[in-house]
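Single-structure report; data block below.
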Amino acid sequence: MSFSDFLGNARVVTALRGMLASERVPHAMLFSGPRGVGKFTLARMFAQAANCERLRDDFCGECEACRKIGLLADTRPLIEQGLAQRGDRPDSATVERVPLLLETHPDVWAIVPDPVRPKYPVVRPVLHVGQLRAVQRAAYFKPQGRRRVFLIDGAETMRWDLANIFLKILEEPPESATLILLAPNPFQLLPTIRSRCLQFSFTPLGTAEVEEILRASTKLRPEELKLAAQYAEGCPGAAMGLDLEAIAKLHRDALAILERAVELRGVSDLFAATAALAKSQEIAFENILEVFYSLLTDLLDLSSSSTKKVLRNPALQRELETLSKKIDVAWINKAVEGFDVLHARTRRNINRSLGLDAVAISLTRPSMGTKKSISR
Ligand SMILES: [Zn+2]
(Lines give C-alpha, C1' and ligand atoms only; values in the text may rest on other atoms or scores of the structure.)
Protein backbone atom coordinates (compact mmCIF):
# COMPACT_ATOMS: atom_id res chain seq x y z
CA MET A 1 0.00 0.00 0.00
CA SER A 2 1.15 3.51 -0.86
CA PHE A 3 -0.19 6.73 -2.38
CA SER A 4 0.19 5.08 -5.79
CA ASP A 5 -2.83 2.92 -4.88
CA PHE A 6 -5.00 6.02 -4.84
CA LEU A 7 -6.54 6.57 -8.26
CA GLY A 8 -7.74 9.94 -9.49
CA ASN A 9 -7.20 13.45 -8.13
CA ALA A 10 -3.44 13.18 -8.70
CA ARG A 11 -3.13 16.94 -8.17
CA VAL A 12 -4.23 16.63 -4.54
CA VAL A 13 -1.96 13.63 -3.89
CA THR A 14 1.05 15.52 -5.29
CA ALA A 15 0.31 18.53 -3.09
CA LEU A 16 -0.01 16.38 0.05
CA ARG A 17 3.25 14.55 -0.66
CA GLY A 18 4.99 17.87 -1.26
CA MET A 19 3.90 19.13 2.15
CA LEU A 20 5.07 15.97 3.89
CA ALA A 21 8.42 16.03 2.08
CA SER A 22 9.07 19.68 2.98
CA GLU A 23 7.63 19.18 6.50
CA ARG A 24 5.32 22.11 5.95
CA VAL A 25 2.03 20.53 6.89
CA PRO A 26 -0.93 22.84 7.52
CA HIS A 27 -2.96 22.69 10.75
CA ALA A 28 -6.23 22.44 8.92
CA MET A 29 -7.32 21.18 5.53
CA LEU A 30 -10.72 20.95 3.93
CA PHE A 31 -11.36 18.15 1.44
CA SER A 32 -14.53 18.75 -0.54
CA GLY A 33 -16.18 16.70 -3.28
CA PRO A 34 -19.03 14.25 -3.87
CA ARG A 35 -19.69 11.36 -1.50
CA GLY A 36 -17.60 8.30 -2.30
CA VAL A 37 -15.00 10.12 -4.42
CA GLY A 38 -12.17 9.13 -2.04
CA LYS A 39 -11.83 12.03 0.42
CA PHE A 40 -11.79 9.83 3.52
CA THR A 41 -9.45 7.30 1.91
CA LEU A 42 -6.90 9.95 0.97
CA ALA A 43 -7.17 11.62 4.39
CA ARG A 44 -6.46 8.24 6.01
CA MET A 45 -3.49 7.68 3.68
CA PHE A 46 -2.19 11.13 4.63
CA ALA A 47 -2.42 10.18 8.32
CA GLN A 48 -0.44 7.00 7.55
CA ALA A 49 2.24 8.92 5.64
CA ALA A 50 2.47 11.51 8.43
CA ASN A 51 3.29 8.72 10.90
CA CYS A 52 4.91 5.98 8.82
CA GLU A 53 8.00 4.59 10.57
CA ARG A 54 9.90 4.06 7.32
CA LEU A 55 8.91 6.71 4.80
CA ARG A 56 8.42 10.48 4.90
CA ASP A 57 6.35 11.55 1.89
CA ASP A 58 4.63 8.21 1.40
CA PHE A 59 3.65 5.25 3.57
CA CYS A 60 4.81 1.64 3.55
CA GLY A 61 1.53 0.07 4.69
CA GLU A 62 3.48 -2.50 6.71
CA CYS A 63 4.96 -0.82 9.78
CA GLU A 64 2.97 -0.80 13.02
CA ALA A 65 1.74 2.78 12.56
CA CYS A 66 0.67 2.14 8.97
CA ARG A 67 -1.17 -1.03 9.90
CA LYS A 68 -2.99 0.47 12.86
CA ILE A 69 -4.08 3.60 11.00
CA GLY A 70 -4.94 1.41 8.01
CA LEU A 71 -7.73 -0.18 10.09
CA LEU A 72 -9.70 3.02 9.48
CA ALA A 73 -10.17 1.82 5.91
CA ASP A 74 -13.33 0.05 7.09
CA THR A 75 -15.15 2.27 9.57
CA ARG A 76 -18.28 0.13 9.91
CA PRO A 77 -17.04 -2.34 12.54
CA LEU A 78 -15.41 0.53 14.46
CA ILE A 79 -18.66 2.50 14.51
CA GLU A 80 -20.60 -0.59 15.63
CA GLN A 81 -18.07 -1.23 18.37
CA GLY A 82 -18.27 2.38 19.57
CA LEU A 83 -22.06 2.29 19.66
CA ALA A 84 -22.08 -1.04 21.47
CA GLN A 85 -19.78 0.33 24.19
CA ARG A 86 -22.27 3.11 24.80
CA GLY A 87 -25.14 0.71 25.23
CA ASP A 88 -28.45 0.31 23.49
CA ARG A 89 -30.48 3.49 23.03
CA PRO A 90 -28.37 5.89 25.09
CA ASP A 91 -29.87 9.19 26.26
CA SER A 92 -28.50 12.42 24.87
CA ALA A 93 -26.30 13.07 27.93
CA THR A 94 -24.58 9.71 27.40
CA VAL A 95 -24.09 10.48 23.73
CA GLU A 96 -22.14 13.61 24.70
CA ARG A 97 -20.33 12.02 27.65
CA VAL A 98 -19.19 8.99 25.63
CA PRO A 99 -18.50 10.53 22.24
CA LEU A 100 -18.17 8.29 19.20
CA LEU A 101 -14.45 8.31 18.33
CA LEU A 102 -12.75 5.92 15.94
CA GLU A 103 -9.23 5.39 17.23
CA THR A 104 -7.01 2.61 15.95
CA HIS A 105 -3.73 4.44 16.63
CA PRO A 106 -3.14 6.85 19.54
CA ASP A 107 -2.29 9.76 17.22
CA VAL A 108 -5.02 9.38 14.65
CA TRP A 109 -8.73 9.78 15.29
CA ALA A 110 -11.61 9.73 12.91
CA ILE A 111 -14.89 11.25 13.93
CA VAL A 112 -18.01 10.58 11.91
CA PRO A 113 -21.59 11.83 12.27
CA ASP A 114 -23.09 9.94 15.21
CA PRO A 115 -26.07 7.80 14.13
CA VAL A 116 -27.33 7.89 17.77
CA ARG A 117 -29.93 5.10 17.41
CA PRO A 118 -28.97 3.11 14.37
CA LYS A 119 -31.93 0.74 14.69
CA TYR A 120 -34.45 3.56 14.85
CA PRO A 121 -32.88 6.48 13.00
CA VAL A 122 -35.22 9.28 13.95
CA VAL A 123 -32.68 12.06 13.43
CA ARG A 124 -30.06 12.37 10.78
CA PRO A 125 -26.53 11.58 11.98
CA VAL A 126 -24.66 14.70 13.06
CA LEU A 127 -21.35 15.57 14.70
CA HIS A 128 -22.04 16.13 18.39
CA VAL A 129 -20.54 18.68 20.73
CA GLY A 130 -18.99 15.86 22.79
CA GLN A 131 -17.05 14.67 19.74
CA LEU A 132 -15.84 18.18 18.92
CA ARG A 133 -14.74 18.85 22.50
CA ALA A 134 -12.84 15.56 22.60
CA VAL A 135 -10.93 16.60 19.48
CA GLN A 136 -10.31 20.04 20.97
CA ARG A 137 -8.67 18.49 24.05
CA ALA A 138 -6.70 15.85 22.20
CA ALA A 139 -5.36 18.22 19.54
CA TYR A 140 -2.90 19.69 22.05
CA PHE A 141 -1.51 16.38 23.29
CA LYS A 142 2.02 15.61 22.24
CA PRO A 143 2.00 12.95 19.54
CA GLN A 144 3.54 9.55 20.28
CA GLY A 145 4.62 9.36 16.68
CA ARG A 146 5.19 12.42 14.49
CA ARG A 147 1.81 14.05 14.02
CA ARG A 148 -1.68 13.90 15.43
CA VAL A 149 -4.22 13.75 12.65
CA PHE A 150 -7.97 14.18 13.07
CA LEU A 151 -10.28 13.16 10.26
CA ILE A 152 -13.57 15.00 10.63
CA ASP A 153 -16.01 13.26 8.31
CA GLY A 154 -19.35 14.93 7.58
CA ALA A 155 -18.04 18.31 8.76
CA GLU A 156 -21.10 19.90 7.16
CA THR A 157 -23.33 18.25 9.79
CA MET A 158 -21.88 20.19 12.73
CA ARG A 159 -24.11 22.93 14.06
CA TRP A 160 -22.77 26.34 13.16
CA ASP A 161 -22.75 27.54 16.77
CA LEU A 162 -20.65 24.50 17.71
CA ALA A 163 -18.28 25.19 14.87
CA ASN A 164 -16.75 27.85 17.12
CA ILE A 165 -15.04 25.02 18.99
CA PHE A 166 -13.09 24.35 15.81
CA LEU A 167 -12.50 28.00 15.24
CA LYS A 168 -10.73 28.13 18.63
CA ILE A 169 -8.43 25.26 17.62
CA LEU A 170 -7.71 26.89 14.28
CA GLU A 171 -6.97 30.23 15.89
CA GLU A 172 -4.48 28.70 18.32
CA PRO A 173 -3.16 25.85 16.21
CA PRO A 174 -1.49 23.01 18.11
CA GLU A 175 2.16 22.39 17.32
CA SER A 176 1.95 19.04 15.61
CA ALA A 177 -1.65 18.28 14.79
CA THR A 178 -3.61 18.47 11.58
CA LEU A 179 -7.38 18.59 11.26
CA ILE A 180 -8.80 17.34 7.98
CA LEU A 181 -12.41 18.36 7.49
CA LEU A 182 -14.42 16.44 4.88
CA ALA A 183 -17.57 17.80 3.31
CA PRO A 184 -19.39 17.49 -0.03
CA ASN A 185 -19.39 21.25 -0.58
CA PRO A 186 -17.07 23.85 1.01
CA PHE A 187 -19.92 26.34 1.21
CA GLN A 188 -21.70 24.12 3.73
CA LEU A 189 -19.14 25.27 6.30
CA LEU A 190 -18.88 28.61 8.07
CA PRO A 191 -16.80 31.07 6.04
CA THR A 192 -14.57 31.68 9.07
CA ILE A 193 -13.74 27.96 9.22
CA ARG A 194 -13.38 27.58 5.48
CA SER A 195 -10.95 30.46 5.20
CA ARG A 196 -8.64 28.95 7.83
CA CYS A 197 -8.33 25.64 6.00
CA LEU A 198 -6.15 24.78 3.06
CA GLN A 199 -8.81 23.70 0.59
CA PHE A 200 -8.72 20.80 -1.86
CA SER A 201 -11.64 19.99 -4.09
CA PHE A 202 -11.93 16.43 -5.41
CA THR A 203 -13.29 15.79 -8.88
CA PRO A 204 -15.13 12.63 -10.01
CA LEU A 205 -13.06 9.88 -11.64
CA GLY A 206 -13.37 8.45 -15.13
CA THR A 207 -15.44 5.29 -15.52
CA ALA A 208 -12.34 3.22 -16.37
CA GLU A 209 -10.64 4.32 -13.14
CA VAL A 210 -13.73 3.49 -11.09
CA GLU A 211 -13.83 0.07 -12.74
CA GLU A 212 -10.17 -0.52 -11.86
CA ILE A 213 -10.77 0.36 -8.21
CA LEU A 214 -13.82 -1.88 -8.02
CA ARG A 215 -11.93 -4.74 -9.65
CA ALA A 216 -9.21 -4.47 -6.99
CA SER A 217 -11.47 -3.96 -3.99
CA THR A 218 -14.63 -5.96 -4.63
CA LYS A 219 -15.62 -9.42 -5.82
CA LEU A 220 -17.98 -8.20 -8.53
CA ARG A 221 -18.27 -10.18 -11.75
CA PRO A 222 -17.15 -8.44 -14.97
CA GLU A 223 -20.66 -7.45 -16.09
CA GLU A 224 -21.47 -6.21 -12.58
CA LEU A 225 -18.25 -4.17 -12.55
CA LYS A 226 -19.31 -2.37 -15.70
CA LEU A 227 -22.75 -1.64 -14.35
CA ALA A 228 -21.47 -0.43 -10.99
CA ALA A 229 -18.82 1.79 -12.58
CA GLN A 230 -21.39 3.25 -14.94
CA TYR A 231 -23.63 4.12 -11.99
CA ALA A 232 -20.95 5.42 -9.68
CA GLU A 233 -20.80 8.80 -11.40
CA GLY A 234 -17.07 8.94 -10.82
CA CYS A 235 -17.27 8.00 -7.14
CA PRO A 236 -15.94 4.48 -6.45
CA GLY A 237 -17.09 4.62 -2.82
CA ALA A 238 -20.64 5.22 -3.98
CA ALA A 239 -20.40 2.26 -6.37
CA MET A 240 -19.53 -0.10 -3.53
CA GLY A 241 -22.83 0.57 -1.84
CA LEU A 242 -24.93 0.11 -4.94
CA ASP A 243 -27.66 -2.49 -5.09
CA LEU A 244 -26.77 -4.06 -8.42
CA GLU A 245 -29.84 -6.26 -8.52
CA ALA A 246 -32.06 -3.23 -8.18
CA ILE A 247 -30.11 -1.46 -10.90
CA ALA A 248 -30.36 -4.41 -13.28
CA LYS A 249 -34.12 -4.50 -12.63
CA LEU A 250 -34.32 -0.76 -13.32
CA HIS A 251 -32.66 -1.32 -16.71
CA ARG A 252 -35.09 -4.11 -17.55
CA ASP A 253 -38.06 -1.99 -16.46
CA ALA A 254 -36.87 1.00 -18.51
CA LEU A 255 -36.39 -1.23 -21.54
CA ALA A 256 -39.91 -2.62 -21.06
CA ILE A 257 -41.27 0.93 -21.17
CA LEU A 258 -39.49 1.57 -24.46
CA GLU A 259 -40.73 -1.75 -25.86
CA ARG A 260 -44.32 -0.93 -24.93
CA ALA A 261 -43.99 2.53 -26.42
CA VAL A 262 -42.81 1.00 -29.69
CA GLU A 263 -45.34 -1.78 -29.85
CA LEU A 264 -48.40 0.30 -28.94
CA ARG A 265 -49.43 -2.27 -26.42
CA GLY A 266 -51.85 0.07 -24.78
CA VAL A 267 -51.61 3.11 -22.60
CA SER A 268 -52.77 1.50 -19.36
CA ASP A 269 -49.73 -0.79 -19.29
CA LEU A 270 -47.57 2.21 -19.91
CA PHE A 271 -49.04 4.13 -17.00
CA ALA A 272 -48.49 1.24 -14.61
CA ALA A 273 -44.89 0.84 -15.71
CA THR A 274 -43.97 4.50 -15.63
CA ALA A 275 -45.63 5.07 -12.27
CA ALA A 276 -43.80 2.11 -10.74
CA LEU A 277 -40.52 3.34 -12.09
CA ALA A 278 -40.97 6.92 -10.91
CA LYS A 279 -41.77 5.68 -7.44
CA SER A 280 -38.36 4.04 -7.08
CA GLN A 281 -37.20 5.62 -3.87
CA GLU A 282 -33.79 4.03 -3.89
CA ILE A 283 -32.50 5.60 -7.06
CA ALA A 284 -32.38 9.29 -7.94
CA PHE A 285 -34.67 10.37 -10.75
CA GLU A 286 -31.71 11.72 -12.71
CA ASN A 287 -30.25 8.20 -12.65
CA ILE A 288 -33.49 6.79 -14.03
CA LEU A 289 -33.15 9.19 -16.94
CA GLU A 290 -29.53 8.10 -17.41
CA VAL A 291 -30.79 4.53 -17.82
CA PHE A 292 -33.01 5.64 -20.68
CA TYR A 293 -30.11 7.53 -22.27
CA SER A 294 -27.83 4.52 -22.04
CA LEU A 295 -30.49 2.21 -23.57
CA LEU A 296 -31.13 4.69 -26.37
CA THR A 297 -27.41 5.03 -27.06
CA ASP A 298 -27.20 1.23 -27.41
CA LEU A 299 -30.22 1.24 -29.72
CA LEU A 300 -28.56 3.92 -31.85
CA ASP A 301 -25.37 1.86 -32.07
CA LEU A 302 -27.35 -1.21 -33.07
CA SER A 303 -29.28 0.77 -35.70
CA SER A 304 -26.10 2.19 -37.22
CA SER A 305 -23.97 0.35 -39.73
CA SER A 306 -20.76 0.34 -37.70
CA THR A 307 -19.31 -3.14 -37.30
CA LYS A 308 -17.81 -2.87 -33.83
CA LYS A 309 -20.55 -2.52 -31.28
CA VAL A 310 -19.66 -2.29 -27.60
CA LEU A 311 -22.96 -2.08 -25.78
CA ARG A 312 -23.41 -0.24 -22.52
CA ASN A 313 -25.97 -2.83 -21.52
CA PRO A 314 -24.46 -6.14 -22.64
CA ALA A 315 -26.84 -8.08 -20.39
CA LEU A 316 -29.77 -6.85 -22.49
CA GLN A 317 -28.13 -7.37 -25.88
CA ARG A 318 -30.72 -9.77 -27.30
CA GLU A 319 -33.71 -7.61 -26.28
CA LEU A 320 -32.02 -4.47 -27.59
CA GLU A 321 -31.26 -6.11 -30.94
CA THR A 322 -34.88 -7.19 -31.32
CA LEU A 323 -36.11 -3.70 -30.46
CA SER A 324 -33.61 -1.98 -32.75
CA LYS A 325 -35.15 -3.76 -35.74
CA LYS A 326 -38.52 -2.15 -35.02
CA ILE A 327 -37.37 1.45 -34.82
CA ASP A 328 -35.29 3.93 -36.81
CA VAL A 329 -32.81 6.68 -35.98
CA ALA A 330 -35.54 9.31 -36.15
CA TRP A 331 -37.51 7.52 -33.42
CA ILE A 332 -34.41 7.35 -31.21
CA ASN A 333 -33.73 11.03 -31.73
CA LYS A 334 -37.29 11.88 -30.83
CA ALA A 335 -36.95 9.86 -27.64
CA VAL A 336 -33.68 11.56 -26.72
CA GLU A 337 -35.26 14.97 -27.27
CA GLY A 338 -38.17 13.96 -25.05
CA PHE A 339 -35.85 12.88 -22.24
CA ASP A 340 -33.79 16.06 -22.66
CA VAL A 341 -36.92 18.11 -22.05
CA LEU A 342 -37.75 15.96 -19.03
CA HIS A 343 -34.21 16.30 -17.69
CA ALA A 344 -34.44 20.08 -17.89
CA ARG A 345 -37.81 20.00 -16.16
CA THR A 346 -36.69 17.81 -13.25
CA ARG A 347 -34.54 20.66 -12.05
CA ARG A 348 -37.76 22.60 -11.67
CA ASN A 349 -39.35 19.73 -9.72
CA ILE A 350 -42.14 18.69 -11.99
CA ASN A 351 -44.28 15.76 -11.04
CA ARG A 352 -42.10 12.76 -11.84
CA SER A 353 -44.78 10.37 -12.95
CA LEU A 354 -46.56 12.85 -15.18
CA GLY A 355 -43.33 13.81 -16.89
CA LEU A 356 -42.39 10.22 -17.71
CA ASP A 357 -45.90 9.46 -18.95
CA ALA A 358 -45.83 12.39 -21.33
CA VAL A 359 -42.59 11.21 -22.93
CA ALA A 360 -43.74 7.59 -23.14
CA ILE A 361 -47.05 8.56 -24.77
CA SER A 362 -45.34 10.79 -27.31
CA LEU A 363 -43.25 7.79 -28.31
CA THR A 364 -46.24 5.56 -29.00
CA ARG A 365 -46.77 7.47 -32.25
CA PRO A 366 -43.77 6.81 -34.48
CA SER A 367 -43.00 9.91 -36.47
CA MET A 368 -40.22 11.01 -38.73
CA GLY A 369 -38.24 13.61 -36.82
CA THR A 370 -35.31 15.57 -38.17
CA LYS A 371 -31.95 13.87 -38.12
CA LYS A 372 -29.85 14.88 -35.18
CA SER A 373 -27.06 13.03 -33.51
CA ILE A 374 -27.11 11.91 -29.90
CA SER A 375 -24.53 13.76 -27.95
CA ARG A 376 -24.27 11.24 -25.15
ZN1 LIG B 1 4.72 2.57 7.36
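The values are calculated or read from the model by the stated rules, or taken from the named source; none is laboratory data. Not measured: the values here are computed from a predicted model. Methodologically, a virtual Cβ is constructed for each residue, glycine included, from the backbone with ideal geometry; neighbour enumeration extends over all protein chains shown. Side chains included, ligands, DNA and RNA excluded: accessible areas come from the protein's heavy atoms. Shrake-Rupley method; radii C 1.70, N 1.55, O 1.52, S 1.80 Å.
Which percent of the accessible heavy-atom area of segment 3-203 goes to carbon and sulfur, probe 1.4 angstrom?
The value for segment 3-203 is 51 percent carbon and sulfur by accessible area.
For the pair V310/K325, report the inter-label distance in nm, with labels modelled 7 Å from Cα in the Cβ direction.
2.7 nm
What's the extension gain from T94 to S4 if we count 0.36 nm per residue and subtract their Cα-Cα distance?
Between T94 and S4, full extension yields an extra 28.2 nm.
At 0.36 nm per residue, minus the direct Cα-Cα distance, what do R67 and S362 gain on full extension? Give it in nm, one decimal, please. Working shown, then result.
Numbers: separation 295, 0.36 × 295 = 106.20 nm, distance 5.90 nm.
Additional length available on full extension: 100.3 nm.
Add +1 for every Lys or Arg and -1 for every Asp or Glu among the other residues with Cβ under 12 Å from the Cβ of L132, and state the total. Kindly include the intermediate steps, with their values, before the conclusion.
Working: positive: R133, R137, R159, K168; negative: E96, D114, D161.
Here the count lands on +1.
Using label points projected 7 Å from each Cα along Cα→Cβ, tell me how many nm separate T192 and A248, to one decimal.
Those two pseudo-labels are separated by 5.4 nm.
Helix 267-278 against the longest principal axis of the chain: what's the angle in degrees, Cα atoms only, rounded to the nearest 10?
Tilt of helix 267-278: around 10 degrees.
Pop the C-beta distance of Q144 and T218 into the FRET formula with R0 = 35 Å and round what comes out to the nearest 0.05.
On the way: r = 35 Å, r/R0 = 0.99.
Here the calculated transfer efficiency is 0.50.
Please check which bits of segment 53-73 a label hung off M240 would reach, taking the label as a point 7 Å along Cα-to-C-beta and the cut-off as backbone N under 11 Å.
Residues 72-73 fall inside that zone.
Of all beta bridges DSSP finds with both residues in the chain, what is the antiparallel percent, to the nearest 5? Please report the intermediate quantities before stating the final value.
Numbers: 4 of 22 bridges.
Here the share of antiparallel DSSP bridges comes out near 20 percent.
I'd like the orientation of helix 129-138 relative to the chain: the angle between its Cα long axis and the longest Cα principal axis, in ° from 0 to 90, rounded to 10.
Roughly 50 degrees between the two axes.
May I ask for the angle, rounded to the nearest 10°, between helix 207-217 and the longest principal axis of the chain, with both axes built from Cα atoms and the value confined to 0 to 90°?
Around 60 degrees separate the two axes.
With r as the distance between the Cβ atoms of R86 and S303 and R0 = 45 Å, compute the FRET efficiency 1/(1 + (r/R0)^6) and round to 0.05.
On the way: r = 60 Å, r/R0 = 1.33.
Computed FRET efficiency for S303 and R86: 0.15.
Share of antiparallel DSSP beta bridges in segment 3-203, in percent to the nearest 5? Can you show the working numbers first?
Working: 4 of 22 bridges.
In segment 3-203, approximately 20 percent of DSSP beta bridges are antiparallel ones.
Calculate the tail of P(r) for the chain: the fraction of all Cα-Cα distances greater than 35 Å, expressed in %.
Working: 27587 of 70500 pairs.
That tail contains 39 percent of the Cα-Cα pairs.
Using the structure shown, list the pairs from K226/K249; K249/K279; K249/K326 with a Cα-Cα distance above 21 Å, or answer none. Could you put the intermediate results ahead of the total?
Values: K226/K249 15 Å; K249/K279 14 Å; K249/K326 23 Å.
K249/K326, as the Cα separations exceed 21 Å there.
Considering the zone a paramagnetic label at S201 would reach in this model (a point 7 Å from Cα along the Cα-to-Cβ line), which residues of segment 26-48 have amide N under 12 Å from it?
32-34
Rounded to the nearest 0.05, what FRET efficiency do N164 and H343 give with R0 = 35 Å and r taken as the Cβ-Cβ distance? Could you check? The partial results should precede the final answer.
On the way: r = 42 Å, r/R0 = 1.19.
In this case the efficiency is close to 0.25.
Multiply the residue gap between D57 and E23 by 0.36 nm, knock off their C-alpha separation, and tell me the result in nm, one decimal place.
Values: separation 34, 0.36 × 34 = 12.24 nm, distance 0.90 nm.
Extra length from D57 to E23 when fully extended: 11.3 nm.
Say each of D74 and R11 gets a label point 7 Å from the Cα, pointing the same way as Cα to Cβ; how far apart are those two points in nm?
3.4 nm
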